[in-house]
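**Student:** This is the structure, below, for whatever I ask next.
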Amino acid sequence: FGSSLSSGHGCAIPFFLRDWVAAAGAPWPVTAGRSGVGVGTMGPRALYWASQATMCVSILIFFYECFAYNMIFLRRILPAVGKTSLAPTFRVLFNTIWALGLWSYHQAHWADPGVVPQRWYQFVRSTGEALPIAPSRPEWQPGKATLCKKCQAPRPERAHHCAICASCVLRMDHHCPWINNCVGFHNHKFFLLLGTYTWLASLIALGTSLPELWRMAAIAAGVESLDALDLDEGLVEMWDVWAFLLFGIFAALIALLLTSLLSTHVPLAFRNLTTIEDFYENMPNPYEQGSRKGNLAQVFGEFGLDWFLPVRPWKPNSDGILYPPPREVREFPGFTKDPSRDLEALQLVEQGYLEAEQLGINRWAMLYEEEADVETAWRLRYKVRTAAEMKAIQEEHISPFMAQFWACGKGTDRERARFGSAAAAAAAVGSYAPPGGPPMMRGGQPMSYQ
């Protein structure tokens with residue numbers, strides 16, 4: 001459900017970027033999108049409110065589980081069954097994991113999922129027509145800026161549209177109704193930690209309270225009497241029994257749901273895939289890093305203590321627009337990782353004295369490793385045309401006119417210069433008829449080519 005709520009490939013420009021882009025003179029048409037409700041929401045009203053309601057339910061269950069475990073199980077039921085000594089250990093274990101889960105939930109909900117940044121739009125305007133823009137397709141399009149079909153705005157590779165948030169999101173995975181937010185480049189880590197810590201909290205809650213859950217179920221079914229409990233140590237009433245059983249049902253359901261969710265999303269993260277990209281079959285994954293750790297680093301950053309905390313990666317290896325090259329590219333023979341040698345070679349390539357193939361280097365990989373200027377790396381990755389290439393393209397566009405201008409002959413010669421073939425020129429002067437004879441007009445007379 002969370003993955004299927006939103007999965008388009010076009011978008012409307014985010015409401016907080018639309019005015020800025022229009023005022024700055026965007027080189028593409030800016031559309032207003034569909035009216036909706038909520039901040040930044042242009043999608044269908046029903047989906048928006050469904051996402052809001054789902055989030056509210058998840059928050060209520062989240063806090064109910066904490067209340068029931070601490071106030072009913074630890075303070076009333078455990079003393080009543082003579083296990084008071086276990087309460088401190090259980091309290092620290094459960095509440096630590098629960099607090100990490102709550103922190104992850106806060107981060108996943110409130111964090112910017114990765115709306116395409118203003119710097120990208122500035123880059124698009126500065127490059128103008130030199131930036132190749134490909135139509136968006138449901139397939140791998142590495143190193144290509146694609147056109148968002150709804151807002152008609154270029155976006156980076158791996159960016160997709162969220163119909164509910166009405167924005168293009170970097171490395172979008174899906175829109176999750178449980179957190180009422182997109183899961184994208186900036187909060188994918190928080191989403192995975194939220195699922196992991198909530199799943200662990202559910203397992204801890206069930207594992208530590210399972211004997212008491214069975215006993216409370218027996219009391220609720222009338223098999224055992226409530227008077228059998230040690231009421232001198234804790235006062236347990238029937239409402240405690242029912243509330244505790246409800247806690248157990250919720251914990252079991254959460255554990256089952258999150259087991260299913262994590263069994264889908266964790267293997268995808270191990271392969272450096274999103275739920276959208278998992279359906280692509282036109283080529284092998286161009287972002288594969290060769291190991292689970294390397295692929296997880298795309299979401300969590302370089303390995304460290306921050307992997308286990310819901311904070312932004314301390315050492316991110318991508319900005320959401322330029323992604324690390326595949327491992328085999330970075331290990332290509334000739335890429336020395338020697339800054340002086342590689343940058344000197346790159347200058348020779350840029351000046352046209354040498355070809356990159358002669359040096360056996362990959363300029364994109366080299367700039368990534370050497371942490372060169374961001375926009376310089378963007379230009380190489382997205383194949384922004386040089387001034388010489390743009391001049392050649394302009395000359396190609398002008399050449400048909402120049403051919404016609406210099407073709408000063410008459411009849412077929414002039415028309416050949418205009419239309420590019422003898423048949424087309426003949427058709428233009430009225431001496432050509434297609435196979436089957438000339439087309440007929442409504443009155444039955446042959447149509448002349450004049």
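The values are calculated or read from the model by the stated rules, or taken from the named source; none is laboratory data. Remember, predicted model here, so these are calculated numbers, not experimental data. Virtual Cβ from ideal backbone geometry, glycine too; neighbours counted across all protein chains shown. These accessible areas exclude ligands, DNA and RNA; they are computed on the full protein's heavy atoms, side chains included. Shrake-Rupley method; radii C 1.70, N 1.55, O 1.52, S 1.80 Å.
**Student:** Kindly provide the set of residues from the stretch 299-324 that are touching a Lys or Arg at 6+ places or on another chain (Cβ under 6 Å) and of a type in the set (D, E, K, R), ordered by number.
**Tutor:** If the condition is that a residue be touching a Lys or Arg at 6+ places or on another chain (Cβ under 6 Å) and of a type in the set (D, E, K, R), then GLU302 is the only one that fits.
**Student:** Return the pair list, or none, for Cβ contacts closer than 8 Å from residues in the stretch 66-86 that are modelled with pLDDT under 90 and outside any helix (DSSP H, G or I) to residues that are surrounded by fewer than 16 Cβ atoms within 10 Å (Cβ to Cβ) and among the aromatic types (Phe, Trp, Tyr), at least 6 apart or on different chains.
**Tutor:** none
**Student:** Something else about it: Identify the residue in the stretch 83-110 that is open to solvent by less than 20 Å² (accessible area, probe 1.4 Å) and of a type outside the set (Phe, Trp, Tyr) and, among all such residues, is farthest from LEU194 (Cα to Cα).
**Tutor:** Within the stretch 83-110, the match that is farthest from LEU194 (Cα to Cα) is ALA87.
**Student:** Identify, from the list TRP140, TRP178, the residue that is open to solvent by less than 30 Å² (accessible area, probe 1.4 Å) and within 21 Å of the chain's Cα centre (by Cα).
**Tutor:** TRP140 is the lone residue from the list that is open to solvent by less than 30 Å² (accessible area, probe 1.4 Å) and within 21 Å of the chain's Cα centre (by Cα).
**Student:** Within the stretch 299-310, can you find the residues that are open to solvent by less than 10 Å² (accessible area, probe 1.4 Å) and of a type outside the set (D, E, K, R)?
**Tutor:** Residues satisfying the conditions are GLY301, PRO310.
**Student:** Return the total of residues in the stretch 198-217 being over 15 Å from LEU102 (Cβ atoms), open to solvent by less than 20 Å² (accessible area, probe 1.4 Å) and hydroxyl-bearing (Ser, Thr, Tyr).
**Tutor:** Number of matching residues: 1.
Conditions (1) modelled with pLDDT under 50; (2) within 21 Å of the chain's Cα centre (by Cα), marked per residue:
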site: ALA24; (1), (2): yes, no
site: LEU47; (1), (2): no, yes
site: GLY101; (1), (2): no, no
site: ALA108; (1), (2): no, yes
site: GLN118; (1), (2): no, yes
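**Student:** Going through the stretch 63-82 one residue at a time, which ones are buried (at least 20 other Cβ atoms within 10 Å of the Cβ) and either of a type in the set (Gly, Ala, Ser) or within 13 Å of ALA201 (Cα to Cα) (or both)?
**Tutor:** Once the filter is applied, which keeps residues that are buried (at least 20 other Cβ atoms within 10 Å of the Cβ) and either of a type in the set (Gly, Ala, Ser) or within 13 Å of ALA201 (Cα to Cα) (or both), the stretch 63-82 yields GLU65, ALA68, TYR69, ALA80.
**Student:** Regarding the stretch 261-273, can at least one residue be identified that is of a type in the set (Ser, Thr, Tyr), out of contact with any Ser or Thr (no Cβ under 9 Å at 6 or more places or on another chain) and at pLDDT 95 or above?
**Tutor:** Looking for residues that are of a type in the set (Ser, Thr, Tyr), out of contact with any Ser or Thr (no Cβ under 9 Å at 6 or more places or on another chain) and at pLDDT 95 or above, one finds at least one in the stretch 261-273, hence yes.
**Student:** Sort through GLU224, GLU212 and tell me the only one that's part of a helix (DSSP H, G or I), more than 17 Å from the chain's Cα centre (by Cα) and among the charged types (D, E, K, R).
**Tutor:** GLU212
**Student:** Here are some residues: GLY195, GLY184. Which one is open to solvent by less than 30 Å² (accessible area, probe 1.4 Å), at pLDDT 95 or above and touching a strand residue (DSSP E or B) at 6+ places or on another chain (Cβ under 6 Å)?
**Tutor:** GLY184
**Student:** Restricting attention to the stretch 243-287, which residues are closer than 18 Å to PRO177 by Cβ and not in a helix (DSSP H, G or I)?
**Tutor:** THR274, THR275, ILE276
**Student:** Right, next: Considering (1) loosely packed, with under 15 Cβ neighbours inside 10 Å; (2) modelled with pLDDT of 90 or more; (3) of a type outside the set (S, T, N, Q), say which one ALA255 fails and leave the rest.
**Tutor:** Failing condition for ALA255: (1).
**Student:** Next question. Report yes if some residue within the stretch 144-166 is free of Cβ contacts under 8 Å to residues at least 12 places away in the same chain, over 14 Å from the mean Cα position of the chain (by Cα) and surrounded by fewer than 23 Cβ atoms within 10 Å (Cβ to Cβ); otherwise report no.
**Tutor:** Looking through the stretch 144-166, none of the residues is free of Cβ contacts under 8 Å to residues at least 12 places away in the same chain, over 14 Å from the mean Cα position of the chain (by Cα) and surrounded by fewer than 23 Cβ atoms within 10 Å (Cβ to Cβ).
**Student:** Given the criteria of a type in the set (Lys, Arg) and either part of a loop (DSSP other than H, G, I, E, B) or touching a helix residue (DSSP H, G or I) at 6+ places or on another chain (Cβ under 8 Å) (or both), does ARG125 qualify?
**Tutor:** no
**Student:** Do the conditions hold for PRO142, that is, is it closer than 24 Å to PHE191 by Cα and outside any helix (DSSP H, G or I)?
**Tutor:** Against the criterion (closer than 24 Å to PHE191 by Cα and outside any helix (DSSP H, G or I)), PRO142 does not qualify.
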